[in-house]
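Reading through the structure tokens given below for one structure.
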Amino acid sequence: MFNPDQNTALAALEAHPNWPMRSCALTDELGQPLIDPDLFYRPGAAHEEAAKLVCSGCPLALACRTYALGGDGWWEADGVWGGLTADERRAERRALRKRRARLARQGDRRPEPVKNWEPSPAQAQLLQALSEQPDLRAAADTMNMPFPNVRWVYAQMCEQLGFHQDDLSVAALVETAAGRISPKGPDALELGVAA
């Protein structure tokens, strides 16, 4: 049984002429897969990274990810779907459950946004790293900072800007932050979200 988001995603996947069932959307003119479908199910970090690289160029990555996040069938429990490994999808599902619990507990109360926001040095460094590659783990590596610390800086930044952590994508948050930085804030901070 699928949820509404999953049904919409599955319809988008099935409507795409190059998407063979539960495989890669990248096919040749005859509909033959260009990528070995087993690539998405091989264990090991090197295989997962290779599969994620394929997903990064796929036009159906978002629909594929949405479909896999909504289900708990055997085909969504393993492998790389929409650029996410099984562990990353479990983490996403946990985050979604936490968000639903928070919304049930406190409603949709927003933190009060700070006007003319001046980022701390750590926040400015994080914004710069996220503008180059909108991924918290990659930003942690770029900043040479432990991931939990980067996540904490990100949470503080979200709160100061008036958002919950799960309200916006990282790229959307960087764009919003760039628009709210105080004119007397860090002059050297030039943010351009990576495409």
* Within a Cβ distance under 14 Å of K52, other residues only, what is the Lys/Arg minus Asp/Glu net charge? -> -1
* Structure fact -> Cβ density ranking, 10 Å radius, fewest first, applied to W152, W81, W117 yields W152, W117, W81
* **Virtual spin-label span in nm between S56 and E175, 7 Å along Cα→Cβ** => 2.1 nm
* Structure fact -> Residues Y154, Y67 in order from fewest to most other beta-carbon atoms within 10 Å are Y154, Y67
* Added length on full extension, which subtracts the Cα-Cα distance from 0.36 nm per residue, F147 to R97 -> 15.9 nm
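Please work out how much length the chain gains when fully extended from A104 to R90, using 0.36 nm per residue of separation minus the C-alpha to C-alpha distance, in nm with one decimal.
The A104-R90 span can extend by a further 2.9 nm.
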* Structure fact -> Total charge of the residues flanking R180 in space, meaning their Cβ is under 11 Å from its Cβ, with Lys and Arg +1 and Asp and Glu -1, is -1
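Each reported figure results from applying straightforward, stated rules to the coordinates on display, with no laboratory input. On a predicted model such as this, the values are computed, not experimentally measured, just so you know. FYI the Cβ positions are ideal-geometry reconstructions off the backbone, even for glycines, and counts take in every protein chain you see.
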